[in-house]
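Trainee: Take a look at this one; I'll ask things after.
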Amino acid sequence: MNFQRINALTKKELKKTFREPAILFVIFLFPLVFVLTFGASFGGLGGSQPVYNIGVVNMDSGGLSQAFIEALSNTTLLNVHVYADNQTAQNDLSQGKIQAAIIIPADFSQSLASYYAAPNKPSSWVNATVLLYLDKGSVVATQAVPPIIQNVLAAFLNQKAPPSPVNVQIASLIETKPVSAFEFMAPGMFTFASIFLIMMVAQSFTQDRENGMLKRIRTTPITPAEFMASQVLAYMLIAPNSSGACFRCCLFAGL
Amino acid sequence: MGEFAIVMENVVKCFEDVVAVDGVSLKVAQGELFGLLGPNGAGKTTTVNMLCGLLKPTSGFVSVGGYDVQKENVKVKGLIGVCPQETAVYPYLTGAENVELFGNLYALDEDTLRYRRDMLLEKLGLTHDAHRKVEKYSGGMKRRLSIVLALIHNPQIIFLDEPTVGMDPQSRRAVWDFMRELKKEGKTIFLTTHYMEEAESLCDRVGIIDHGRLIALDTPKNMISQNRVGNLEEVFIKLTGRRIREEI
């Protein structure tokens, strides 16, 4: 392996990328068009918000729990089904009919009443725990539902910040580590980069073959391994830029 | 290197049912300027491609610089400089960048590369345009640059495949002078052309190839006198019964 040769060909390939308008289009403009078209077709861009089906099991006989269920029903994001017992709700959850099940505990109303009586005195509150079961198969539901419930509860309590007498606890054995924008988009970006790489390398080869450059390079002492290494190196540098452009477009489009 | 720079012995090259080169044998001495003449499709480029190791002969033996082209391909590549028939230069690089790229492919050190780049661009009249992108060059300038790329590493054996096609007469003369200069430096030059005038004025010996067969091999003077004609063009007409076609 002679690095002088590899370096020279890699530089040449990079210069080509940034000097040829057609290639610049493929790297920077195509991702933008792709993301915007794809986003408009399938994403939340300008479309309606998704609605989650959730089941509610009310163990509390007080009026405040009914008011809380109404508050949940009033959000446009949730479609609330009331269940008489936990078992039926769990069955529907496992069958995918609902994406989450909320268990309102027996002391829910009492807890809220204690809070309303002395909002600034946490020591006098009766603490209660709302249990939340989530559909493990739905990544979106596990990410989206808990914050919605928290927000509805906070609004219901007229509360701007914790502490709260009612905790929302996730009962399922699933990890609810928040997924970053990068983690959410990375698989798509990597797929895009691979497709892009194949397309670009093939195009580069065909072009060089057509105009006789490949033949000319074959008359020099460069080995096939050195030639391939230069191509791989160049496109390893180009592909992240294209993916980065695509990623920025995704963020911009709010996907 | 041995006595002969280039040796071909009974070389045949077939492409499926077409015989492109049919039993060609020739020897080119060191320091000789040899011209291979023939119309388009006669087998000139196929012959050059076999000599450069780009094509494998169907049968026969080819050696360049004393090395078997098939077995010692890497050594041969270090010795030769090839200017192909196509104007193979990168259009998106500048003239100087093209030259530097090829210098690096031959692993030249920085000083040598800079010296040879400037010297060759100067000799072929490209210094002024060295930092312009090649896509802005005229056809003749691209061909001259193609010659520079072939010579950047100071090769001992040079293959020029129709180097002056499409050049204006002035550029052509300049390239001819340059070839004579290379010959003076002791380089072996294997030139293919279908310009009879070019072969007549430059070459020590010429071979005439038609339909893949080498039909004559001698000095231009001998060929003309033996056939009792006025020039090489008439030699070709006499030998093949037809006029050489010139298609660009």
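Trainee: Of all beta bridges DSSP finds with both residues in the protein assembly as shown, what is the antiparallel percent, to the nearest 5?
Mentor: Once the DSSP bridges in the protein assembly as shown are tallied, antiparallel ones form about 45 percent.
Trainee: Fully extended, how many nm does the chain gain between B:Glu16 and B:Glu135 (0.36 nm per residue separation, minus their Cα-Cα distance)?
Mentor: Working it through step by step, the gained length comes to 39.2 nm.
Trainee: Also, I was wondering about something else. Just for region A:52-174, what percent of DSSP beta bridges are antiparallel, to the closest 5?
Mentor: 20 percent
Trainee: Which aspartates and glutamates have a Cα less than 16 Å from the Cα of B:Lys123, not counting those fewer than 8 places away in the same chain?
Mentor: Answer for B:Lys123, where 16 Å is the Cα cut-off: B:Asp177, B:Glu181, B:Glu185, listed by chain and number.
Trainee: Give me the distance in nm between label points sitting 7 Å out from Cα along the Cα-to-Cβ direction at A:Lys121 and A:Phe190, one decimal.
Mentor: Spacing of the two 7 Å Cα→Cβ label points: 5.7 nm.
Trainee: Report the gain in length on full extension from B:Asp68 to B:Glu9: 0.36 nm times residue separation, minus Cα-Cα distance, nm rounded to one decimal.
Mentor: In short, 20.1 nm is gained.
Trainee: Moving on. Please average, across the residues of A:207-213, the number of beta carbons from any other chain that are within 10 Å of each residue's own beta carbon, and give a whole number.
Mentor: Mean partner-chain Cβ count within 10 Å for A:207-213: 3.
Trainee: Could you list, in their original order, any pairs among A:Lys16/B:Lys44; A:Lys15/A:Lys215; B:Lys71/B:Lys187; A:Lys12/B:Lys136; B:Lys77/B:Lys184 whose Cα atoms are separated by more than 26 Å?
Mentor: Beyond 26 Å between Cα atoms: A:Lys16/B:Lys44.
Trainee: Hull surface divided by four, with the convex hull built on the Cα atoms of the protein assembly as shown: how many nm²?
Mentor: Projected over every direction and averaged, the Cα hull of the protein assembly as shown covers 35.3 nm².
Trainee: May I ask you to derive the relative contact order of chain A, considering only C-alpha pairs under 8 Å and at least 6 residues apart, and to give it as an integer percent?
Mentor: After rounding, I find 26 percent.
Trainee: Going 7 Å from the Cα of B:Lys27 toward and past its Cβ, which residues in region B:42-66 have a backbone nitrogen under 18 Å from where you end up?
Mentor: Taking a point 7 Å out along Cα→Cβ of B:Lys27, the residues of region B:42-66 whose backbone N falls under 18 Å are B:60-66.
Trainee: Mind checking which of A:Gly212, A:Gly244, A:Gly62 has the largest fluctuation in a GNM of chain A, springs on alpha carbons under 10 Å?
Mentor: Greatest mean-square fluctuation among the candidates belongs to A:Gly212.
Trainee: Same structure again: Roughly what % antiparallel, to the nearest 5, for the DSSP beta bridges in chain B?
Mentor: Roughly 55 percent of the DSSP beta bridges within chain B come out antiparallel.
Trainee: Here's something else I'd like to know. Roughly how many whole Å is it from the C-alpha centroid of region B:8-51 to that of region B:176-248?
Mentor: 14 Å
Trainee: Let me ask you something else. Averaged over B:71-79, how many beta carbons belonging to a partner chain fall within 10 Å of each residue's beta carbon?
Mentor: Working: counts 0, 0, 2, 2, 1, 2, 6, 2, 1.
Averaged over the peptide's residues, the number is 2.
Trainee: Applying 1/(1 + (r/R0)^6) with R0 = 25 Å to the Cβ-Cβ distance of A:Met1 and B:Asp111, what FRET efficiency is obtained, to the nearest 0.05?
Mentor: Efficiency, from the Cβ-Cβ distance: 0.60.
Trainee: Going by how many other Cβ atoms sit within 10 Å of their own, how do B:His128, B:His153 line up, fewest first?
Mentor: Details: B:His128 10, B:His153 22.
Taking fewest neighbouring Cβ atoms as first place, the list is B:His128, B:His153.
Trainee: Another one. Give me the inter-chain shielding for A:15-26: mean count of other chain Cβ atoms within 10 Å, whole number please.
Mentor: Counting Cβ atoms of other protein chains within 10 Å of each residue's Cβ and averaging gives 2.
Coordinate-derived values only; no laboratory data. All values reported here derive from a predicted model rather than from experimental measurement. No Cβ is skipped: glycine too gets one built from the backbone with ideal geometry, and neighbour counts run over all protein chains shown.
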